[in-house]
Structure formats: structure tokens, C-alpha cells
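J.: Encoded as C-alpha cells, here's the structure I'll be asking about.
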Amino acid sequence: ISAGLRAIPNSPEHVLSMQLSQVPSKLLCLFDTCPKNVEADGPVDGTIAAAITGDFTLSYFRAKLSTPKALFTAPAWFEKPLKLGPSSVAVEGDWAKQQLKLTQAMVQLEDTSITASADGTKRADGWYVTGNAETTRLNIEKAYKYWPIALAPESRLWVTNKLKSGYAAKGTLKVNLTPEDIAADILPNKAITSVVDAREITFEYLPGFPLVEKMNGMVYFTANTVKVDGSGGSLMTG
């Protein structure tokens, strides 16, 4: 870690600049900057620039970080720890404007990759968050690893138990959260919109019923529901 601190002329603020090389990710959480019950284990490279006042209050920051590999653990969100390959993230925050921004995230996972961006603004009644994400091809049998536990849990159980094979050619996710949504025990449907292009799916339609094979379709998710528009498949072939 190399760092420098310089005063801003005619201002009570200073700029702290840091260059990171192969820094253990756990070291970045020493100052209570990481969410509770979330851990990342891997080497981090990148740069951090922050504006701080004379009493060391953070007023602004910008960071670009990357890792060649890491293990991300969030048991409240994901059933298993996520293995990351080469990944990067760019974030910035302005406490004067009460804004946080995920400029870009590129995450290489074991079975797929994700690109994402998000904005958060704190108003008098709390945080408002919007975001977008997109995934590349994913084997449907691996969906349980990346489907958040709290997102449409009954649908999650049905999909992970009933879908036997096939793949998602592409998936998109849109998030629109209000303070009321964030405080709720269960997210309202309007908070999450996701669409998955499913291909060559084999699934168990009903217990004891022959498997439906080679079905294509679009899958639409909200925070609590899933809807499948299938374009046909094969039943009892041969």
C-alpha cells in the first residue's frame, strides 16, 4: 500500500490517495467499511482517492479495485460461497450530496459472468436505489448458486427442484428500491424485474408426469413471482 496526503488550497479538506497492490481484501474491512455477515477473501489491486476534512470526516471518495480471484461469502444472500475469477469494480460516493454510485462492476464467476451498475441517493425518508445487471450463459443446474435466497423463495425452490437441464442464454435484472421497500420484510414485486432467455430446458412438470424436454422460453421474475412463457417442447419422444 502506498499513500499520499495533500491539502486542498483555501479549503479545510485534504485529499488522501492510495495505491493498492496484492492487498488482502479482509484488510479493507478493518475500519468497519464492509457490510455485516459479508466476507471477501482474495488479493486486491487498485486505487482509492478520498476527500477528508480536518476531523477525518469522509466527504467524497472514488475507488477502482480489481482481483484476479476471490471467494465471496454472504450466507444471507447466497446458498454457497461464490468463486470469483478476474473481476473489477468502480465506485464513488459523495456524502455532501448523500450519493453512492456503482459506476461499473464486472464479475467473473465460476459458471457465468455479470456486469452491473447502480445508483443510490439518500433523501429525508431514506435511501433510493436503482440498478441494472446482465449475465452471460448459465447452466440451469447451477442456477441455485446465484439465485439470492430471499428473492422469490418459493419460485426458487420450484425451479431448482424441477428444472433438470438446459441453460439460460442471457439474463437481465433491474432493481428499483425505495426506503419502504428496503425496510420491508419481503420485497414488493415492483422492486425487482428480471428476464431470462431459457433454452433447451428439461423439467418435471408434475410429479409422476413424463419429463418435458427441449423447451425454449422467456422467464419473467419479480421479487416474489416467476412466470414462464414457453414456446413448446418434446414429451415422451420415441
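The values are calculated or read from the model by the stated rules, or taken from the named source; none is laboratory data. A quick note: this is a predicted structure, and the numbers were derived from the prediction, not measured. As a convention, Cβ positions derive from the backbone with ideal geometry for all residues, glycine included, and neighbour counts pool all protein chains shown. These area figures cover heavy atoms from the full protein model, side chains too; ligands, DNA and RNA do not enter into them. Shrake-Rupley method; radii C 1.70, N 1.55, O 1.52, S 1.80 Å.
J.: What single numbered condition from (1) at pLDDT below 90; (2) under 30 Å from Ala150 (Cβ atoms) fails to hold for Asp55?
T.: That leaves (2) as the condition not met.
J.: Could you please find all residues in segment 144-157 being more than 14 Å from the chain's Cα centre (by Cα) and either farther than 13 Å from Phe221 by Cβ or surrounded by 14 or more Cβ atoms within 10 Å (Cβ to Cβ) (or both)?
T.: Once the filter is applied, which keeps residues that are more than 14 Å from the chain's Cα centre (by Cα) and either farther than 13 Å from Phe221 by Cβ or surrounded by 14 or more Cβ atoms within 10 Å (Cβ to Cβ) (or both), segment 144-157 yields Tyr144, Ala152, Ser155, Arg156, Leu157.
J.: Can you name every residue in segment 175-198 that is open to solvent by less than 80 Å² (accessible area, probe 1.4 Å) and modelled with pLDDT under 85?
T.: Hit for segment 175-198 is Leu187, nothing else.
J.: Within segment 108-118, identify whether any single residue is out of contact with any helix residue (DSSP H, G or I) (no Cβ under 6 Å at 6 or more places or on another chain), charged (D, E, K, R) and more than 22 Å from Asn216 (Cα to Cα), and answer yes or no. Spell out how you get there, then give the answer.
T.: Of the residues in segment 108-118, the ones out of contact with any helix residue (DSSP H, G or I) (no Cβ under 6 Å at 6 or more places or on another chain) are 108-110, 112-118.
With the extra rule that they be charged (D, E, K, R), the set shrinks to 110.
After this cut, where a residue has to be more than 22 Å from Asn216 (Cα to Cα) as well, the list is 110.
Yes - at least one qualifying residue is present in segment 108-118.
J.: To continue, here is another question. Restricting to segment 25-52, and then to whatever is acidic (Asp, Glu) and surrounded by 15 or more Cβ atoms within 10 Å (Cβ to Cβ), can you tell me which residue is modelled with the lowest pLDDT?
T.: Taking segment 25-52 first, the residues acidic (Asp, Glu) are 32, 39, 41, 45.
Narrowing the set further to residues that are surrounded by 15 or more Cβ atoms within 10 Å (Cβ to Cβ) leaves 39, 41, 45.
Numbers: Glu39: 88, Asp41: 93, Asp45: 97.
Once the filter is applied, the top-ranked residue is Glu39.
J.: Another question, if that's okay. Is it fair to say Ser11 is surrounded by 10 or more Cβ atoms within 10 Å (Cβ to Cβ), of a type in the set (Ser, Thr, Tyr) and closer than 20 Å to Leu82 by Cβ?
T.: In short, no.
J.: Now for a separate question. Return yes when Lys64 is under 20 Å from the mean Cα position of the chain (by Cα) and open to solvent by 80 Å² or more (accessible area, probe 1.4 Å) and no when it is not. First the steps, then the outcome.
T.: Numbers: under 20 Å from the mean Cα position of the chain (by Cα): yes; open to solvent by 80 Å² or more (accessible area, probe 1.4 Å): yes.
Considered against the rule, which asks whether it is under 20 Å from the mean Cα position of the chain (by Cα) and open to solvent by 80 Å² or more (accessible area, probe 1.4 Å), Lys64 comes out as yes.
J.: Same structure again: Can you tell me which residue within segment 73-127, out of those that are basic (Lys, Arg) and over 27 Å from Ala49 (Cα atoms), is least open to solvent (accessible area, probe 1.4 Å)?
T.: Here the answer is Lys80.
J.: Mind listing just one residue for me: the one in segment 81-126 that is assigned to a loop (DSSP other than H, G, I, E, B) and among the polar types (S, T, N, Q) and, of those, modelled with the highest pLDDT?
T.: Selected residue: Thr112.
J.: Output the strands (runs of 3 or more DSSP E) that fall wholly within segment 129-238 and possess 2 or more residues being without any contact (Cβ under 8 Å) to a residue 60 or more places away in the chain and within 30 Å of Lys101 (Cβ to Cβ), or say none. Walk me through how you get there before you give the answer.
T.: Working: elements: 163-177, 192-203, 212-221, 226-230.
In segment 129-238, 163-177, 192-203, 212-221 are the strands (runs of 3 or more DSSP E) which contain 2 or more residues that are without any contact (Cβ under 8 Å) to a residue 60 or more places away in the chain and within 30 Å of Lys101 (Cβ to Cβ).
J.: Read through the list (1) among the small types (Gly, Ala, Ser); (2) more than 20 Å from Phe78 (Cβ to Cβ); (3) at pLDDT 85 or above, then give the number of the only condition that Ser231 fails.
T.: Among (1) among the small types (Gly, Ala, Ser); (2) more than 20 Å from Phe78 (Cβ to Cβ); (3) at pLDDT 85 or above, Ser231 violates only (3).
J.: Name, by its number, the condition in (1) within 24 Å of Leu109 (Cα to Cα); (2) more than 23 Å from the chain's Cα centre (by Cα) that does not hold for Gly238.
T.: (1)
J.: Is it true that some residue in segment 54-64 is touching a Leu at 6+ places or on another chain (Cβ under 7 Å) and either part of a strand (DSSP E or B) or under 26 Å from Thr178 (Cα atoms) (or both)?
T.: Checking segment 54-64: not a single residue is touching a Leu at 6+ places or on another chain (Cβ under 7 Å) and either part of a strand (DSSP E or B) or under 26 Å from Thr178 (Cα atoms) (or both).
J.: Within the set of pairs 6 or more residues apart or between chains, which connect a residue that is farther than 25 Å from Asp119 by Cβ inside segment 53-74 to a residue that is of a type in the set (D, E, K, R) and open to solvent by 60 Å² or more (accessible area, probe 1.4 Å) with Cβ atoms less than 7 Å apart?
T.: Close Cβ pairs (under 7 Å, with a partner that is of a type in the set (D, E, K, R) and open to solvent by 60 Å² or more (accessible area, probe 1.4 Å)) amount to Leu71/Asp41; Leu71/Lys83; Thr73/Glu39.
J.: Which condition number does Thr172 fail, the rest of (1) hydroxyl-bearing (Ser, Thr, Tyr); (2) within 20 Å of Ala118 (Cβ to Cβ); (3) open to solvent by 60 Å² or more (accessible area, probe 1.4 Å) being met?
T.: For Thr172, the exception is condition (3).
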